[in-house]
Amino acid sequence: MSPDEPQGLSRRSLLTSAGALGVGVLAAPVGLARARQAGDTGENAEAQQAADAAQPDAVDGYQSLSLDDAAIVEALVGHMWPADDLSPDGVALGIATFIDRQLAGAYGQGDRLYLSGPFRQGKPEHGYQLACTPEQYFKAGLRQVAEVSAQRYAAPPDRLTTDQLEELLHVISQAPPQPAAFALNTWFNELFYPLFVRGAFADPIYGGNRGKQAWRMIGYPGLPATYATDIVTWRGRRHPASDSPMSIQDFS
Amino acid sequence: MATRLPEKEIVVIGGGLTAGLVARKLVPAGREVLVLERGPDWSGSAVGELPHQRDELRWATYRGMTRRENVETYTLRHSPDEEALPMRQLLSFLPGFGVGGAAQHWNGQTWRFSESDYVLRQHLTERYGAKSIPDGMTIQDWGLTYRDLQPYYEEFEALFGIAGKAGNLRGVRQAGGNPFEPWRATEYPLPPLEMSEASQIFKDATGQLGYEAFPLPAANASQPYRNPDGMQLGQCQYCGHCERFTCEANAKATPASLLFPLVRSRPNFELRAGAEVIRLNTTADGTRLESVSYVDVATGQEFIQPGSLFVLCSYTLSNVRLLLLSKIGTPYDPVTRTGTVGKNYCYQVTSGLNMFFPDRYINPFMGAGALGFVIDDFNNDNFDHTGLGFHGGGYISATQTNGRPIDTRRLPPGTPRWGSAWKKANADWYLRSMGLSVHGSNYANARNYMDLDPDYKDQWGRPLLRITFDFDDNDALMCRYVNGKMEEIAAAAGAKIVGKASVRKSPYDTRQYQSTHNTGGTIMGSDPGSSVVSPHLQSWDVENLFISGASVFPQNSGYNPTGPVGALGLRLAEDLLSYLSGPRRLG
Ligand SMILES: Cc1cc2nc3c(=O)[nH]c(=O)nc-3n(C[C@H](O)[C@H](O)[C@H](O)COP(=O)(O)OP(=O)(O)OC[C@H]3O[C@@H](n4cnc5c(N)ncnc54)[C@H](O)[C@@H]3O)c2cc1C
Ligand code: SF4
């Protein structure tokens, strides 16, 4: 048994106790109503966008996120990917749905993660060292976010003003890791944020990037990606495929 | 109870690149070859077919073709006096898994090492004096020279249809190629890949500074190709789903496209996928291997496979681990600096920066694994190190391998991480940005090595390999210096915004992909006291065991490793035929 084992245990019990936090702190979810808006986004957009939005989207409803979890996730992704002239907001884009599906699926269940002990507190450069699955870790972090929000604003994240949400995100992404506490910045930067980015930019088949709107926004053409002549023809110029991206579903 | 199987003549452990090179030579020569590969046979699966091949989340972000960590991973500590922790997610490097190994999902950047690489200690001593080499820098000579390997480089490049431009044909300088290239006998088998916008920008900027940029040698076929074995490659589609993916267009040179098909239908060849070798079994006196033990991963059943000749082709990390688990050779001790197995683990020192051009469409989604232009002026000992305080160097390149949107969206420094301004920056710059990178050497350090972990186990309960590794002062000084040259190029390129390059230094960060260029641990040399295998890659301890792969490199050069891995593998195949004609210690 290694001398560090008790530390590992204390981190696990910390997670367990984190699990007890936050219940009752959260308000009723705004999630379902907002998620329903997702299907409506094509209305005012170009023909192509309308066609894409008309494709059957992932069925709304969550597999992993509870109502309380969903309220926080939707508040964060809706703020981080706001509605503007480039696209509708992150909930409408499907980022919350994507995150939910990932948590419920192989990734969230720690499918290929090495989860054997002993568990020790490493340096940040050692990466993930928890005894729990990404889904469990994700939820423990959500409870911490709720806690910080309750302490600072006496309100859950989904009841905050835009300015407060902005400040909350800065707080949770930058808090220095303390040895004894839940390192919320690590959770945000190494779990939440990457999932957020994947939800925006992964193929729509996973529930995010609905209607390929994030791809269209940046000009990523997606599939089929056969450019043997285009690499010459379109060198230095905008490729027409940048305006009409294709996804896996388009070829299925 | 393990089941004992009928004897095979040659047993190859691992079914990746080097295994394919051995099989390709020995099977047509009439020898009986069995390849044991722990992973699956990927052929015919979604991995190589449209539309699923173009799934960034599955193959790149979640590393779908690489070995799962819960099957086996590695532990890491930064120095011998620390406790190691497991890499619970393998992110810094991606060990291959399944038929074709890592070479199924490699980039295809295919180099020859410098002439000085094989005689590094001798070369640096002659040029700068013995004192210029720090005591802890345990670099060694290979026990052979470039001249020995040159024909095999030629053969490997022909087999793999390397696209490039010669810079030095038999000592005669060739315009358009690498001025620092070691001499070659023939032009590259294929012309270079097309010029991308990023390559053009790089070529112009380096030209202004007086450097001669040249196309990166590529195992992405610039044209349809038929190799000397009659095997075919299609034309590269610049599809941007190359590294971490297998090629859907059959344009990337891989073991599964070029090597195994040649032998698969022959009666004297067998490839058993899902067979994980767990031990090499020596005879009672320890001087020969008599069999290997493997587990059928589908059933968990254990088998004993006897043979008369064994070739370890399981990639650097498994090569070392299998020797240690089988108690072959003497483990390296970093305190006394005695023992050899696990010694001189090296990696690669890499860095990069981003450039932003409002008026130029770089179109990063059109890319290939080895598409790019390079300058080699600051690599290895291509420049005078007098007074610099470090050895080694790196090549500087503008490669355009992919614009996959989860991972490759370059943003100017200072961009917020979310919100409308972040979205706008993505929209503004995704198509109009490019990167420069440094790919640098990593010279051996007495403290960097591999042994068995005392605490952590794999899925069968056997100790994991423990890696003790960190970047040292030499690495940081070298990186800082070459970064400086890269920054000058960025300044000359006329970008509106240039990002900062960070210096690769301690502590080694296992969360960032740096390269799957792990080297050392079963190093080659002419002295059994300081190496694990001879210059013929024959184990000093066990006569009928040969070891192939970058585990035999005494230290790592500034170039990607697979060119010399391939050349050594082809030379080994000839040595094996010679050994079979009369088993002995090859000299
Ligand atoms: C993303 C990526 C990009 C790369 N790009 C480049 C590049 O551009 N240029 C370059 O020079 N190099 C590159 N490389 C490195 C290149 O792939 C390797 O150098 C090359 O594949 C090594 O050949 P090998 O035969 O030693 O190992 P591999 O090709 O990896 O084959 C080893 C095989 O052994 C099997 N194995 C391991 N342990 C066991 C066991 N116990 N029992 C049975 N089987 C076992 C593995 O499953 C694997 O299939 C890249 C690698 C990666 C991952
Ligand atoms: S970039 Fe070329 S070689 Fe690489 S996977 Fe695509 S088509 Fe194949």
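The values are calculated or read from the model by the stated rules, or taken from the named source; none is laboratory data. Given the structure is predicted, the values throughout are model-derived calculations rather than measurements. Note that we place each Cβ from the backbone using ideal geometry, even for glycine, and neighbour counts take in every protein chain shown. Calculation scope for accessible area: heavy atoms of the full protein, side chains included, ligands and nucleic acids excluded. Shrake-Rupley method; radii C 1.70, N 1.55, O 1.52, S 1.80 Å.
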For this session: Could you grab me the full set of residues in the stretch B:235-260 that are closer than 19 Å to B:ALA46 by Cα, of a type outside the set (A, V, I, L, M) and over 21 Å from the mean Cα position of the chain (by Cα)?
Result: B:GLN237, B:CYS239, B:GLU248
Exercise. Given the conditions (1) away from ligand 1 (no atom under 16 Å from the Cβ); (2) within 26 Å of A:ALA228 (Cα to Cα), and given that B:ARG266 satisfies all but one, which numbered condition is not satisfied?
Worked result: (2)
Exercise. Could you count how many residues in the stretch A:56-96 are over 21 Å from A:SER173 (Cα atoms) and within 14 Å of another protein chain (Cβ to nearest Cβ)?
Worked result: 9
Exercise. Looking at (1) touching a His at 6+ places or on another chain (Cβ under 8 Å); (2) more than 10 Å from ligand 2 (Cβ to nearest atom); (3) among the acidic types (Asp, Glu), which is the only condition B:GLU243 fails?
Worked result: (2)
For this session: Could you tell me whether any residue of the stretch B:107-117 is closer than 13 Å to B:SER557 by Cβ, away from ligand 1 (no atom under 16 Å from the Cβ) and either of a type outside the set (D, E, K, R) or at pLDDT 95 or above (or both)?
Result: yes
Exercise. Between a first residue in the stretch B:201-215 that is in contact (Cβ under 8 Å) with a residue 60 or more places away in the chain and a second residue that is open to solvent by 70 Å² or more (accessible area, probe 1.4 Å) and not in a helix (DSSP H, G or I), which pairs have beta carbons less than 8 Å apart while being 6 or more apart in sequence or on different chains?
Worked result: B:ILE201/B:ARG360; B:THR206/B:GLU212
Exercise. Any chance the stretch B:570-580 includes a residue that's without any contact (Cβ under 8 Å) to a residue 60 or more places away in the chain and aliphatic (A, V, I, L, M)?
Worked result: no
Exercise. Do you know which of the residues in the stretch B:33-56 that are out of contact with any Pro (no Cβ under 9 Å at 6 or more places or on another chain) and among the acidic types (Asp, Glu) is modelled with the lowest pLDDT?
Worked result: B:GLU49
For this session: Scan the stretch A:106-156 residue by residue and report those that are open to solvent by less than 30 Å² (accessible area, probe 1.4 Å), within 14 Å of chain B (Cβ to nearest Cβ) and over 16 Å from B:ALA84 (Cα atoms).
Result: A:GLY108, A:GLY110, A:LEU113, A:CYS132, A:THR133, A:PRO134, A:TYR137
Seminar exercise, completed: Okay, helices (runs of 4 or more DSSP H) sitting entirely in the stretch A:179-252 with 1 or more residues that are under 14 Å from B:PHE365 (Cα atoms) and within 8 Å of chain B (Cβ to nearest Cβ), I get A:193-201, A:213-218, A:230-233
Problem set entry | Conditions (1) open to solvent by less than 20 Å² (accessible area, probe 1.4 Å); (2) farther than 30 Å from A:THR233 by Cα; (3) assigned to a helix (DSSP H, G or I): number failed by B:GLU126 | (1)
Exercise. Under 18 Å from the mean Cα position of the chain (by Cα) and within 24 Å of B:ILE406 (Cβ to Cβ) - does that describe any residue in the stretch A:154-164?
Worked result: no
Exercise. Yes or no: B:SER531 assigned to a helix (DSSP H, G or I), of a type in the set (Gly, Ala, Ser), open to solvent by less than 30 Å² (accessible area, probe 1.4 Å) and modelled with pLDDT of 95 or more?
Worked result: no
Exercise. Among B:ASN168, B:ASN268, B:ASN178, which is over 27 Å from B:GLY558 (Cβ atoms), open to solvent by less than 50 Å² (accessible area, probe 1.4 Å) and more than 14 Å from every other protein chain (Cβ to nearest Cβ)?
Worked result: B:ASN268
Seminar exercise, completed: B:MET355 vs (1) in contact with a Phe, Trp or Tyr (Cβ under 9 Å, 6 or more places away or on another chain); (2) more than 10 Å from chain A (Cβ to nearest Cβ): all pass except (1)
